[in-house]
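Asks: Following this message is one structure expressed as structure tokens.
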Amino acid sequence: ILIHDVQELVDQSTPETSNQKQIPESYDYTQYHPMEEIYTWMAQIQKNNSELVTQHYLGETVENRTIYYLQISQPSDKTKKIIWMDCGIHAREWISPAFCQWFVKEILQNYESDPKIRKFLQNLDLYILPVLNIDGYIYSWETARLWRKNRSPHMNGTCYGTDLNRNFNSSWGTLGVSYNCSSEIFCGTGPESEPETRAVVQLIERKKSDILCFLTIHSYGQYILTPYGSTTEPPSNNEELMHVAQTAAAALTEKHGTSYEVGSTSLILYSNSGSSRDWAHMIGIPFSYTFELRDKGTYGFVLPADQIQPTCEETMLAVTTIIDYVDQKYFPGGALMLTSGSLGLSLCLTAVLTLIVT
Amino acid sequence: MAELPPTHGPASRAAALATAYISHRHGSPGHSWVLRNVRRARREDIDEMGHKYHLEFVLEDIFEKDSTVNCTAEVLYHLGNKKSAPDVQFTIEGELKNTDEADNAFYNRIQSLKKELEAENIPDSHGNVSPEMQPIRALAWAAAGYVIWQNSTENTKYQLAQIKHVKQV
């Protein structure tokens, strides 16, 4: 094969149409969407926002479906750092892909009007994967609503599915897993045995020196979880990770009063090995978090659609808090290039400080 | 007796078990509960017996998020013998809402049905529960409470996910 995905190349080289930021008007972000609609949505989003958004090939699923992620990137000659967010690693956690779609919509819709978004997009590119476990997601729509794993066949097709969040190479196969295919937490036949896992790993490995933040979105439980699941040994930057997560959780609570707990997976939940979040931190991505969205068990995985909006609104605040922190930490003192009015303001402040120091 | 972090796994598992037991004992067509949070947890290791958790926690009514009730409980997980369910003692602060009216309304409705009630997937895939099925859901929580209580260990945390099928017999 010379070109892996001709369609992708064609999509990327489609000439810019107008400068208008457009979201497909009829797309309802307050409903759950089947995979076909999400594929169409991704293509539309890129088409209508081609100066900011590109759709990229990540890999393929067991059942040969294409996995795409969206890159939101402000045109510039600066090299940017990367924020990664993936949704839908577990099939039944429908609120997760719903959030990724909402997030993309919010960023694009408010890009013009929100200076905070334009500020962090100066330095950061956003890589958003709306559905990682596509086969599982489709299966949960068509056959078994509470399916969790992917759809890899085992034992001659008598048993299906590996838990993708036990399949990464982070103390793989040690704690909180099963070696039995019929288990919900079957870790697979080996680390990275699943094509979906390998698809993520290949990209993240390649770009790891530029990735500052790895967010993986799950439900349910209302937690922001820090590394690790495979050990109670805290990560090297634990204090900072906790502080940022607590700030994010507080911002989230402001919106609708929803309370989130913050802490390491091994303490708050249970031990587990092979998670994507552990792996990301172990290969050096400093800000790695797992989000567990609403609720706390009243509906659990079958969260009613009327909670999509409030859940997404509050989670948005938490995620942007983290992105803002990362932006300020790695790109300090950046004045936002806005109107000449605010530029004037920041010049004045600087002058005052200097005088006092001397 | 060791003080436990109330937000950590062991305390929340024990409290979930106590919640399940309370749902089993007090659940009705009008009423059931989910664990909202744990306020305090302590663990006592009793020689030859097992681990006893002393808990203070808050329950939330599954039909009315803002309706909460404070509880205390002692949960004893038996040493070794995995076949026996944990012992649970609990107290509920204040009086539980009287649900006689709702219960009677439900009973009368079922009595007046021409065909036996039969349904599937409650909530449905999108989280919807019709008003007529709410009492069925509450009953399922009570039943699930029993199953959870009978089958839980210190290392498991169960929660009713969905009613696959219900049939009146």
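Asks: Using a 1.4 angstrom probe with every protein chain in place, what is the largest-first accessible-area order of B:Glu132, A:Glu292, A:Glu196? Please list the in-between numbers first.
Replies: On the way: B:Glu132 95, A:Glu292 20, A:Glu196 0 Å².
Heavy-atom accessible area, descending, gives B:Glu132, A:Glu292, A:Glu196.
Asks: Okay, moving on. Measuring from a point 7 Å past the Cα of A:Thr253 along Cα-to-C-beta, which residues in the stretch B:1-29 have an amide N at less than 19 Å?
Replies: Inside the label zone: B:5-9, B:12.
Asks: In whole Å, how far is the Cα centre of the stretch A:30-46 from that of the stretch A:180-244?
Replies: One Cα centre to the other: 25 Å.
Asks: With θ taken as phi - 60° and the coefficients 6.51, -1.76 and 1.60, list the Karplus ³J(HN,Hα) couplings across the stretch A:264-281 in order, rounded to whole Hz; mark glycine and proline as x.
Replies: Running phi through 6.51 cos²θ - 1.76 cosθ + 1.60 with θ = phi - 60° gives 7, 4, 5, 8, 6, 10, 6, 6, 7, 10, x, 7, 5, 5, 4, 4, 4, 5 Hz.
Asks: Sticking with this one: Hey, if we sort A:Asp327, A:Asp5 by accessible area with the 1.4 Å probe, largest down, what's the order?
Replies: Solvent-accessible surface, decreasing: A:Asp5, A:Asp327.
Asks: Along the charge dipole of chain B, pointing to its positive end and built from +1/-1 on Cβ of Lys, Arg, Asp and Glu, which listed residue (B:Ala73, B:Val166, B:Thr7) has its Cα farthest out?
Replies: Farthest towards the positive pole: B:Val166.
Asks: Based on DSSP H runs of at least 4 residues, each adding -39500 (n - 2.57), what is the mean residue ellipticity at 222 nm of chain B after dividing by all its residues, to the nearest 500 deg cm²/dmol?
Replies: Numbers: 3 runs with 48 residues, N = 169.
The helix contribution divided over chain B gives -9500 deg cm²/dmol.
Asks: If you don't mind, another one. How would A:Met155, B:Met133, A:Met282 rank on accessible area, largest to smallest, probe 1.4 Å?
Replies: Details: A:Met155 130, B:Met133 35, A:Met282 90 Å².
Highest to lowest solvent-accessible surface, that is A:Met155, A:Met282, B:Met133.
Asks: Need one value: the accessible area of B:Val129 in square angstrom, 1.4 angstrom probe, rounded to the nearest 10.
Replies: Its accessible surface works out to 30 Å², give or take rounding.
Asks: Let me ask you something else. Place a point 7 Å from the Cα of B:Ala119 along the Cα-to-Cβ direction; which residues of the stretch B:148-169 have their backbone N under 20 Å from it?
Replies: Residues B:160-169 fall inside that zone.
Asks: How far apart, in nm, are the 7 Å Cα→Cβ label points at B:Asn104 and B:Met1?
Replies: Spacing of the two 7 Å Cα→Cβ label points: 4.3 nm.
Asks: Still on this structure, please answer the following. Using alpha-carbon pairs under 8 Å, 6+ residues apart, how would you state the relative contact order of the stretch B:2-167 in percent?
Replies: Computed over the stretch B:2-167, the figure is 28 percent.
Asks: At R0 = 30 Å, how high is the FRET efficiency between B:Glu48 and B:Thr72 if r is their beta carbon distance? Nearest 0.05 is fine. It would help to have the intermediate numbers written out before the result.
Replies: Working: r = 25 Å, r/R0 = 0.84.
The formula returns an efficiency of 0.75 here.
Asks: Given +1 on the Cβ of Lys and Arg, -1 on the Cβ of Asp and Glu, and no further charges, what dipole in debye does the stretch B:2-167 carry about its Cα centre, rounded to the nearest 20? Provide the component values of the computation, followed by the final result.
Replies: Details: 19 positive and 23 negative charges, 92 e Å.
With only Lys, Arg, Asp and Glu charged at Cβ, the dipole is about 440 debye.
Asks: Quick check: Cα centre of the stretch A:147-164 to Cα centre of the stretch B:97-169, how many Å?
Replies: 31
Asks: Same structure again: In debye, nearest 20, what is the charge dipole magnitude of the protein assembly as shown about its Cα centre with +1 on Lys and Arg Cβ and -1 on Asp and Glu Cβ, if you could check? Kindly include the intermediate steps, with their values, before the conclusion.
Replies: Values: 44 positive and 63 negative charges, 83 e Å.
Dipole of the protein assembly as shown, to the nearest 20 debye: 400 debye.
Asks: Separate question: What fraction of the DSSP beta bridges in chain A is antiparallel, stated in percent and rounded to the nearest 5?
Replies: Numbers: 15 of 39 bridges.
So the antiparallel bridges amount to about 40 percent of the total.
Asks: Additional query: Grab the other residues whose beta carbon is less than 9 angstrom from that of B:Ile122, score K and R as +1, D and E as -1, and report the net.
Replies: Numbers: positive: B:Arg137, B:Lys164; negative: B:Glu120, B:Asp124.
Taking every other residue near B:Ile122 into account, the sum is 0.
Asks: State which stretch of chain B is the longest one without any exposed trypsin sites (Lys or Arg not before Pro), exposure meaning a DSSP loop state and at most 16 other Cβ atoms within 10 Å.
Replies: Result, exposed sites excluded: B:1-64.
Asks: Let me ask something else about it. Can you give the helix-only mean residue ellipticity at 222 nm for chain A, where every DSSP H stretch with n ≥ 4 adds -39500 (n - 2.57) and the sum goes over all residues, rounded to the nearest 500 deg cm²/dmol?
Replies: Numbers: 11 runs with 139 residues, N = 358.
Calculated at 222 nm, the ellipticity per residue is -12000 deg cm²/dmol.
Asks: Right, next: Considering only protein heavy atoms, what is the solvent-accessible area of A:His281 at a probe of 1.4 Å, reported in Å² to the nearest 10?
Replies: Around 20 Å² of this residue is reachable by solvent.
Asks: Filter chain B for me: DSSP H helices, axial length by Cα at least 24 angstrom, mean Kyte-Doolittle hydropathy not below -0.5. List them by residue number. Don't skip to the answer; put the middle values down first.
Replies: On the way: long enough: B:9-26 (25 Å, -0.11); B:134-151 (25 Å, 0.33).
Within chain B the helices that satisfy the rule are B:9-26, B:134-151.
Asks: Kyte-Doolittle cut-off -1.0, length cut-off 20 Å along the helix's own axis using Cα: show which whole DSSP H helices in chain A pass. Provide the component values of the computation, followed by the final result.
Replies: Working: long enough: A:95-110 (22 Å, 0.36); A:238-256 (28 Å, -0.34); A:308-330 (32 Å, 0.00); A:340-357 (26 Å, 1.97).
Membrane-span-like by this rule: A:95-110, A:238-256, A:308-330, A:340-357.
Asks: Still on this structure, please answer the following. May I ask you to list the lysines whose Cα is less than 28 Å away from that of A:Lys80, ignoring any residue fewer than eight positions away on the same chain?
Replies: Leaving aside lysines fewer than 8 places away in the same chain, those within reach of A:Lys80 are A:Lys21, A:Lys47, A:Lys105, A:Lys116, A:Lys119, A:Lys207, A:Lys208, A:Lys329.
Asks: To continue, here is another question. Starting from the Cα of A:Ser193, step 7 Å along the direction of its Cβ; do the same at A:Thr174; then give the gap between the two resulting points in nm.
Replies: Simple spin-label model gives 1.9 nm for this pair.
The values are calculated or read from the model by the stated rules, or taken from the named source; none is laboratory data. The structure presented is a predicted model; accordingly, all values stated were derived computationally and were not measured. With ideal geometry, Cβ positions are generated from the backbone for all residues, glycine too; neighbour counts draw on all protein chains shown. All accessible areas refer to the heavy atoms of the entire protein, side chains included, with ligands and DNA or RNA removed. Shrake-Rupley method; radii C 1.70, N 1.55, O 1.52, S 1.80 Å.
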